[in-house]
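One structure is given here, and the rest of the page talks about it.
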Amino acid sequence: MITGTVRRDGFSGFSEDNKFGIFPSLALGWVVSDESFFPEIKNIINYTKLRVSYGSIGNRTISRYQTLAQVAGSYGYVTSTGTSIYTQSISSMASSDLKWETTTGLNLGLDFGMFDSRITGAIEYYNNNTKDLLYYIDIPAISRFTNFPTNLGKMHNHGIEISVSSDIVKTHDFTWHADFAFSRNRDELKELLGSDSDGDEKEDDLTSEGLFIGKPLNVNYDYEITGEFYQLGDDIPAASDVGTFVIVDQNADGDYDEDDYKVLNYQDPSYRFSISSRFSYKNWSFSFLINSIQGGKDYYYMSDNLFSTSNGETRFNWPNDEQHYRYTFPKSLIDDYWLPENPNARYQRIDMDASALGSRYTQRNFVRLQDVSLSYNVTSDILKKLDITGLRFFLTGKNLITWTKWPGWDPETGEGITSSGRPVMKSYTIGFDIEF
């Protein structure tokens, strides 16, 4: 089987020379199990199909007027007589060279069926390269503008996806169906601006944006902590304080600045999987879904700083708001901040200001019982007596249990302990469906 396509996509938001992009693709498929030379194992493997495809797609994540300079007006001046003068100025810079972001990828796939298709599944591997990424870069504010949209760099992305479905048991009264899905993705920044300002014959990272050549797109770039705290009587650097994390001086110069930053770990998941199952016995049906995201060795980390906002500012003053803390947050966390009598705590001193150096990064691995459902379909003889065509009673639960070591409200969103945050909401629903 052969499928070929050629797309010519246009977007008026791009400049005159870059409005259109051409994106071809080619796909091949081969049902190997239909060939005469296929081994005599059809009682075990009854279906096998190989797939391969290669092609390009375009992305245009910009607004319709983003390539144009825009003008804004306001009353900017007052004359000596008190008259307001209406003025106009450019509010955003033109970016006439913006063009389509292009991803070119190779996909390899295997579809299979076993035991007369009682077990079916697919395994897919993809390998993509993206160039001309549409990105806002920071520019010197002296120009009156803070950022500028442009095409830059190259990204590499590859991964694997596996899905398996099975009718494990299938009898007249009882059936058991199960599904399993697994995915793993890795991305790597291959190129950025192409500059080498330090002359080391290597392309420079863009540290202000948290972008690093040879690393994933989403990294945690920060001071490295030793896991210990500065205690009373220690020789404490000026930027730190008693009860704060001890920072690793990467270049051993005695100062703590951006030269001591390093890529600690990565924010994206290492892999995901889900398991769902459905049981049916006569008129009864029961199903559940388990969802999980895991970080492996270095992935799925996020800052774990107790009682902090997203910009690091402490929400309350201690000890004046102690009762507020104890009312709002879990006791197990409240009692694990640094005090002279608790020198080996998990968290820094609770009244630290936003200038305290260092953060603890914790993995957000979790396994969640996400959906559970139990239902009963009323038998046909009762339906006839009630003069209706269908009646089903059901009970469902959502987010019933989450197994995780993440100390915040929700490991999936990465929300830490904040007074405005909320735990994952559990919900229960009971009801019935009726048909006349």
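The values are calculated or read from the model by the stated rules, or taken from the named source; none is laboratory data. Since this is a predicted model, take the numbers as computed values, not measurements. Virtual Cβ from ideal backbone geometry, glycine too; neighbours counted across all protein chains shown.
Taken residue by residue, the stretch 161-183 has at least one member that is free of Cβ contacts under 8 Å to residues at least 40 places away in the same chain, part of a loop (DSSP other than H, G, I, E, B) and either farther than 30 Å from Ala72 by Cα or not small (Gly, Ala, Ser) (or both).
Exactly one residue among Val31, Val78, Val6 is out of contact with any helix residue (DSSP H, G or I) (no Cβ under 7 Å at 6 or more places or on another chain), over 30 Å from Asn127 (Cβ atoms) and β-branched (Val, Ile, Thr), and that residue is Val78. Scanning the stretch 110-160 for residues that are free of Cβ contacts under 8 Å to residues at least 40 places away in the same chain, among the aromatic types (Phe, Trp, Tyr) and surrounded by fewer than 17 Cβ atoms within 10 Å (Cβ to Cβ) turns up Tyr125, Tyr126, Tyr136. Among the residues of the stretch 178-192, are any crowded, with 16+ Cβ neighbours inside 10 Å, of a type outside the set (Gly, Ala, Ser), touching a Pro at 6+ places or on another chain (Cβ under 9 Å) and farther than 28 Å from Arg60 by Cβ? Checked against the condition, which is being crowded, with 16+ Cβ neighbours inside 10 Å, of a type outside the set (Gly, Ala, Ser), touching a Pro at 6+ places or on another chain (Cβ under 9 Å) and farther than 28 Å from Arg60 by Cβ, the stretch 178-192 yields at least one hit. For the stretch 21-35, the criterion of being surrounded by fewer than 11 Cβ atoms within 10 Å (Cβ to Cβ) and of a type in the set (Gly, Ala, Ser) is satisfied by no residue at all. In this entry, Glu258 is excluded by the filter for residues that are on the phi < 0 side of the Ramachandran plot, surrounded by 15 or more Cβ atoms within 10 Å (Cβ to Cβ), at pLDDT below 90 and in contact with a Ser or Thr (Cβ under 9 Å, 6 or more places away or on another chain). If the condition is being among the small types (Gly, Ala, Ser) and in contact with a Leu (Cβ under 7 Å, 6 or more places away or on another chain), then the stretch 123-145 contributes no residue at all.
One residue alone among Gly55, Gly4, Gly21 is free of Cβ contacts under 8 Å to residues at least 60 places away in the same chain, touching a Phe, Trp or Tyr at 6+ places or on another chain (Cβ under 8 Å) and in a strand (DSSP E or B), and that residue is Gly55. When Thr328 is tested against (1) closer than 30 Å to Asn265 by Cβ; (2) modelled with pLDDT of 90 or more; (3) over 27 Å from the mean Cα position of the chain (by Cα), only condition (2) is not met.
What number of residues in the stretch 194-236 are assigned to a loop (DSSP other than H, G, I, E, B), touching a residue at least 24 places away in the same chain (Cβ under 8 Å) and over 25 Å from the mean Cα position of the chain (by Cα)? Selection size over the stretch 194-236: 2. Of all residues in the stretch 51-109, those satisfying the criterion of being over 30 Å from Val31 (Cβ atoms), surrounded by 16 or more Cβ atoms within 10 Å (Cβ to Cβ) and of a type in the set (Lys, Arg) are Arg60, Lys99.
Yes/no matrix, rows are residues, columns are (1) under 30 Å from His158 (Cα atoms); (2) modelled with pLDDT of 90 or more; (3) of a type in the set (Asp, Glu):
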residue	(1), (2), (3)
Leu206	yes, no, no
Glu209	yes, no, yes
Gly214	yes, yes, no
Gln231	no, yes, no
Pro237	no, no, no
Ser240	no, no, no
Gln250	no, no, no
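Residues that are under 28 Å from Ile119 (Cβ atoms) and among the small types (Gly, Ala, Ser) within the stretch 155-195 comprise Gly159, Ser163, Ser165, Ser166, Ala178, Ala181, Ser183, listed in sequence order. Look at (1) surrounded by fewer than 17 Cβ atoms within 10 Å (Cβ to Cβ); (2) modelled with pLDDT under 80; (3) farther than 27 Å from Leu400 by Cα; (4) not charged (D, E, K, R) and you find that Met352 fails only one, number (1).
Being among the basic types (Lys, Arg) and under 30 Å from Gly159 (Cα atoms) is true for just one of Lys49, Lys19. Which residue is that? Within the list Lys49, Lys19, the selection yields Lys49. Which ranges mark the strands (runs of 3 or more DSSP E) fully within the stretch 358-436 that have 1 or more residues being of a type in the set (Phe, Trp, Tyr) and surrounded by 12 or more Cβ atoms within 10 Å (Cβ to Cβ)? Output list reads 361-363, 366-377, 390-404.
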